[in-house]
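Inspection log for the structure reproduced underneath, given as structure tokens.
The values are calculated or read from the model by the stated rules, or taken from the named source; none is laboratory data. Please read these numbers as outputs of a predicted model, since none were measured by experiment. Positions of Cβ are backbone-derived with ideal geometry, glycine not excepted, and every protein chain shown enters the neighbour counts. Note: accessible area is taken over every heavy atom of the protein model, side chains too, but ligands, DNA and RNA are not part of it. Shrake-Rupley method; radii C 1.70, N 1.55, O 1.52, S 1.80 Å.
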Amino acid sequence: MNWITNYVRPRINSLFSRREVPENLWTKCPECGTMLFHRELSDNLNVCTNCDHHLAISPRSRFAALFDGGVFVEVKVPEPVADPLGFRDQKKYPDRMKAAQKSTGEKEAMLVAEGEIGRTPIVAAAQDFSFMGGSMGMYVGNAIIAAAERAVKLKRPLVLFSAAGGARMQEGILSLMQMPRTTVAVQMLKEAKLPYIVVLTHPTTGGVTASYAMLGDIQISEPNALICFAGPRVIEQTIREKLPEGFQRAEYLLEHGMLDRVTHRKKLREELVSILRMLGGLPAPVVGDLPAPGTIAAPRAETPADSPSA
């Protein structure tokens, strides 16, 4: 009986039991409802293959697609004081931070890196909306200042990808102080006559929109991104009127002069390379590599011995 219980029954159960399927293999497009396989989605830069809706993408995945060969070096950001206000709502602020770090695998809501894009050296910064809504706290302020200082030191342009719900309430007035701090950082770039390009992604709202996100020399947005200070629902409740269709979306803002371009994510790298090289007074980007002159052997002249009739 022990032999049957301990060996035969488990063996039979293992043959007929259902294999567990990981939960993260499929993603449902929030726009059209299509189920997208994770490899297909990542290969398409997190853009829906059915309706072209732009889903959120992490800073590391964005940088891997942006920099030449996916190679970049992180720029160190000074660590701020942890939980300066001892803030607590339903959870303690440090507990929220630990949960966000565990779910995203990142230290904070912004990643700063340097590398080359189309053989053009740049410094780049990107916010992570999945990290506490990409909220702007002291670390984000330090990250933008670090990015600007690094760009000035290396004499490189700064490209910033914004995605945030606004200032981080857990840091109170200290988070709001990052608005003037980041504005000063942008001014450093302007005084050094270095390009500052902002790519606004969905969503960019609140104090982020009211500071560094709208101070770029060139303002680019991904399609259908929500870009605003106060959201449309808040405005409708305040003025008690129905807002126009597509209000505060990228295409609406482009039409009304607040943006320079609305660019598909798959074409964004190419456009950034062209703009950066143009602003830097550099020649047109090299699309492909050709061998140096003299490295290709000249074709050998045909001799009578090589002819078919010989």
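Brief remarks on what is shown
- Asp95 open to solvent by 50 Å² or more (accessible area, probe 1.4 Å) and under 18 Å from the mean Cα position of the chain (by Cα): no
- Members of the range 97-131 found to be part of a loop (DSSP other than H, G, I, E, B) and touching a helix residue (DSSP H, G or I) at 6+ places or on another chain (Cβ under 8 Å), listed by number: Glu106, Lys107, Glu108, Ala109, Gly118, Arg119, Asp128, Ser130, Phe131
- Failed item, numbered, when Ile220 is tested on (1) open to solvent by 20 Å² or more (accessible area, probe 1.4 Å); (2) modelled with pLDDT of 95 or more; (3) β-branched (Val, Ile, Thr): (1)
- Total residues in the range 39-76 satisfying the condition of being outside any loop (DSSP other than H, G, I, E, B), surrounded by fewer than 19 Cβ atoms within 10 Å (Cβ to Cβ) and assigned by the TED database to the domain that holds Leu272: the figure is 9.
- The set of residues from the range 78-96 being among the hydrophobic types (A, V, I, L, M, F, W, C), touching a helix residue (DSSP H, G or I) at 6+ places or on another chain (Cβ under 7 Å) and closer than 10 Å to Met138 by Cα comprises just one member, Ala82.
- Of everything in the range 197-215 that is among the small types (Gly, Ala, Ser) and in a helix (DSSP H, G or I), the residue that is nearest to the chain's Cα centre (by Cα) is Ala213.
- Count - residues of the range 152-168 that are farther than 16 Å from Phe67 by Cα and either open to solvent by less than 10 Å² (accessible area, probe 1.4 Å) or not assigned by the TED database to the domain that holds Val184 (or both): 5
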